[in-house]
Structures are given as C-alpha cells and as structure tokens.
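The numbers here are math on the coordinates, done by the rules we state, and not lab data. Everything numeric in this text was worked out from a predicted model, so none of it was measured. Here the Cβ positions follow ideal geometry from the backbone for every residue, glycine too, while neighbour counts run over all protein chains shown.
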C-alpha cells in the first residue's frame, strides 16, 4: 500500500539529502516535491496543507544535531509529522467494562467487514485468552449470517445463531442476554453492510448501538476507496460516534493517502490494518512503523535513533572542537570511536542496515565484526601511552611486542597503522564532526 508513496518521497529527498545545511531555498524545493507526492497519494487537501506548514516551520533555521546530516534531520522532521498526522501512538481495543464487552463492527458492503470481525475475534482470543461470542444482525444479505458462522468454526469461537426472519434489534438483545447467561467476556456483533449511506439503515445501526451500549464501535474502511473513504467515515462518525477505524486491503496497490487522512479528518484512531485475506492477517496500527514504511527508510530511521541514543554526544563534541583547533587525531581518539561503534552494534550493524544502500555498494563486507573490533582494542591497549599518541614511532621491535601482547600478527599491526593514516585524512575533512560521516568511512581500517 505504501510502496508508491515511499518511492515518491525518496525522490523528493534527493535534493536535500547531501546538503551541508538546511536553508529556506533547498527546503522549499524539497517541500514542493513532498507536496506533489502527497497529492499523488490521494492525501486529503486539509491534511497536506497542515503537514506542509508544520514541516516548513520546523525545518527552516533548524539546529542540526551534530551526529546527523541535514538530510537526516529533515527526514526526522517529516517522519514526526507523519506520526502526528496518523495519531502518534497505537490505540488498542478498550475492553475495560463489566462483561460482556460489546464490540460493534460497521461499514459499507464489500469492505471485508465480516472477515475482519473474525480476524478481530481471533486476535483477542490469542492475546487475551477471553471467552468470546460472535453474532450477525445482517438479515439483508442472504449469505452473511452463514459466512460468519463458518468463520467462527474455523477459529473455534462460539457463534450465536440468527436468521433473516428476525429483526436486527431483537437479535442484538437476545445475543446480549445469551452472552450474560453463559458468562462470555466479549460479544462481537457484525452489522449489515450497505452500498451507500442510507438514513434508515444508519438509524437502525444507531439503535443497535444504543441498545447494546457497545464499548467499541469499529468502522471498517476499504483502503482502496481513496477520498470517498474519508467522506464515508465522516458520515458514519456523525451518526454513530465511532471509537476506531480498521483499514482493510492494505496489501493492495492502493494509494496510501487514506492512512494519513483518516485520523486528521475524523479525529478517530486507526486501530488495526488488514494485511491479507487470511484470518491471521490483522495487525495493530503503529503510526511510527507506518511512517517509517511510508518513508521507505525503516533502517535509516532506526540508525538515526541509535546514534542519538547510544553515542556519547559530549565525546563527539569534544573531539570536533579539538579537530577544529588543529588537534592531531591519534590512536586514543580512534579507540574511543571504536567503543562508540560497539555501543551501537559494531560495523556489521551499519553494513546490515545499509546492505542495499549506495554507502557500501563499492566496499567489501566485513566478517567476524565483533572479533575485529576486539582485536583492534587489544592492539591499541598493548601500546604504550607514547605510542598511542604518536603512532609514527611504532617500528620493528615495538610491533613485535604489541603483536605478542595483543595475541595478533605483525601484519595486523601494519594493517591498522596503514589504515589509521587514512582515517586521519578523513578526519581532517570532517568540518562538522558528524559521527555518521566517520562511521561511513571507517570500515576499511579493520585488520582482516
């Protein structure tokens, strides 16, 4: 569902990803492309307007985290706005009521409503181990009641039988009475779908909602409907005051604008998404995960978060300051960087994250990364303070002593010293001291 928007946004970010700083000019160019991407994804216009306004205000003059590039900062801003648009956090089902907790499922015909109610029942059963009862009040579609009964048998959940000769409100009252008598924890009621918003049908559902006192009224929305789905959701909410939304058919090639629009327009949270036809294909809706998926940068975002959370920013800042003052990068500094990388997960962490990224496309992958990092530490710890500070003095007899003390070979010492000189050149080129830039260029210094 989010592939096309991810591709569009990825193209939008190309203009800013390698910029040295965020400026009003380069932000406007990128914002223009982002707006176009959102329009093409069928995001509602009010949502786009608010989204672009917030991103622009936050980006211009933004203070860059020294561990990140401006492009990464911009992506973070966009990501945060995506999350805000979709609701910030997951809102799961509210089952905190005297049993039975009644869940009413509503929606248009053809949205996958009946299958979805079975998915919900299965999810609740597996997660909470509750005693569940399902029933259908859809007396207008001949196969609806039978369909839900078949699905209930497939997932081993009890079904309260009804027939097309009964009135929906009578079925509702009888099912609730049965659920209370048999001590069921949860009762799920499948209502009749309709081809359009019909006043009489909506009044019927409203009466069922009032009688049942449902703690959850979930609207099933077909993600392939686009803007029509948003308008439909608004009308349902006006009649029923829905408590949450479930998006179905998110595994399709539909535009993803509905996921961004629904919460903003209706004020109601998306609680689940249907990711396929199987009864197991139901997932809790997590705005953060969806935002990362929309950006197509799940791995990049997780790296940014790890750098921010695990890297010692004071050490990076201190090293940056010293380098700007003409300080000569030495093996003590390098040892600190090795330890910082180990906090994140080592160099293989970055290689795994960027396995399809241009950053490492022209470089060979490392093996036994943790051992290599430990070997470097052992080599440096076997040096004297004088040798660490001035590696140029490390020659023949010193190399033999260091190799013996670290349990390595002289070739490893030579490799480390040779590539240490290369890393010094890289350090001189780093003006902003970004740890991410250091890490991108540091791979080849490991002895292999």
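Worth a mention:
- Fewest-first ordering of 406, 241, 152, 261 by other beta carbons within 10 Å of each residue's beta carbon gives 241, 406, 152, 261.
- Maximal additional length on extending the residue 213-residue 424 stretch stands at 69.0 nm, based on 0.36 nm per residue less the C-alpha distance.
- Ordered by the count of other Cβ atoms within 10 Å of each Cβ, fewest first, 211, 47 give 211, 47.
- Shown for 275, 97, 217: other C-beta atoms within 10 Å of each C-beta, ranked fewest to most, produce the order 97, 275, 217.
- Potential lengthening between residue 401 and residue 25 on full extension [0.36 nm per residue; Cα-Cα distance subtracted]: 129.6 nm
- Here the simple spin-label model places points 7 Å from the Cα toward Cβ, and for residue 131 and residue 238 these points are separated by 4.3 nm.
- Gain upon complete extension [residue 96, residue 166; 0.36 nm per residue less C-alpha separation]: 22.1 nm
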